[in-house]
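Colleague: Here you go, one structure.
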Amino acid sequence: MAFVLVQHLAPDHESILANIVRRYTHLPVFEVEDGIVVQPNCAYIIPPGRDMALLHGTLHLLEPLQPRGQRMPIDFFFRSLAEDQRERAIGIVLSGTGSDGTLGVRAIKGENGMVMA
């Protein structure tokens, strides 16, 4: 299993999440670069100011289409996860901003994946 962490950040705010996660796991932790192939037993962190999608087991970074405050990066990622991994998708919502994650959770459940909140 691979772990992909999607967080809400201001586009100009440097993320320290990768460093924090590294302190608590022996797994390799990567800040995602466009086109990185997802490997089991690794953790992947979304960089600030990007949307991220999974396509054929590869993480792709995209310029957000929505302005700041209207972006839903968790929904965006979960929907791509559901489409790519279908019943193998697992989505875990630890916390969120507003309703971000709701549509993505529905997409995962619609593919018979597993969701926890």
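The values are calculated or read from the model by the stated rules, or taken from the named source; none is laboratory data. Computed from a predicted structure; not experimentally measured. Using ideal geometry, Cβ is built from the backbone for each residue, glycine included, and neighbour counts are taken over all protein chains shown. Areas reflect the complete protein model, heavy atoms only, side chains present, ligands, DNA and RNA absent. Shrake-Rupley method; radii C 1.70, N 1.55, O 1.52, S 1.80 Å.
Colleague: Quick one: which residue in Leu54, Leu81 is aliphatic (A, V, I, L, M), in contact (Cβ under 8 Å) with a residue 24 or more places away in the chain and part of a helix (DSSP H, G or I)?
Modeller: Leu81
Colleague: Please go through the stretch 66-92 and pick out each residue that is closer than 22 Å to Pro11 by Cβ and either surrounded by 16 or more Cβ atoms within 10 Å (Cβ to Cβ) or modelled with pLDDT of 90 or more (or both).
Modeller: Arg71, Met72, Pro73, Ile74, Asp75, Phe76, Phe77, Phe78, Arg79, Ser80
Colleague: Sticking with this one: Do the conditions hold for Gly35, that is, is it more than 28 Å from Asn112 (Cβ to Cβ), open to solvent by less than 90 Å² (accessible area, probe 1.4 Å), touching a His at 6+ places or on another chain (Cβ under 7 Å) and not aromatic (Phe, Trp, Tyr)?
Modeller: For Gly35, the condition - more than 28 Å from Asn112 (Cβ to Cβ), open to solvent by less than 90 Å² (accessible area, probe 1.4 Å), touching a His at 6+ places or on another chain (Cβ under 7 Å) and not aromatic (Phe, Trp, Tyr) - is met.
Colleague: Another one. Failed condition for Arg22, given (1) free of Cβ contacts under 8 Å to residues at least 40 places away in the same chain; (2) open to solvent by 40 Å² or more (accessible area, probe 1.4 Å); (3) assigned to a loop (DSSP other than H, G, I, E, B), with all others met?
Modeller: Every listed condition holds for Arg22 apart from (3).
Colleague: Name the single residue, out of those in the stretch 93-113 being among the β-branched types (Val, Ile, Thr) and surrounded by 17 or more Cβ atoms within 10 Å (Cβ to Cβ), that is nearest to Gln70 (Cα to Cα).
Modeller: Among those that are among the β-branched types (Val, Ile, Thr) and surrounded by 17 or more Cβ atoms within 10 Å (Cβ to Cβ), it is Val105.
Colleague: Across the stretch 96-108, which residue is modelled with the lowest pLDDT among those that are within 13 Å of the chain's Cα centre (by Cα) and outside any helix (DSSP H, G or I)?
Modeller: The qualifying residue modelled with the lowest pLDDT is Gly96.
Colleague: Continuing with the same structure: State the number of residues belonging to the stretch 35-51 that are part of a loop (DSSP other than H, G, I, E, B), more than 22 Å from Glu14 (Cβ to Cβ) and among the β-branched types (Val, Ile, Thr).
Modeller: Going through the stretch 35-51 one residue at a time, the tally reaches 1.
Colleague: Let me ask something additional. Taking the stretch 38-57, which residues are at pLDDT 95 or above and either in contact with a Gly (Cβ under 6 Å, 6 or more places away or on another chain) or farther than 22 Å from Ala89 by Cβ (or both)?
Modeller: Across the stretch 38-57, the qualifying residue is only Val38.
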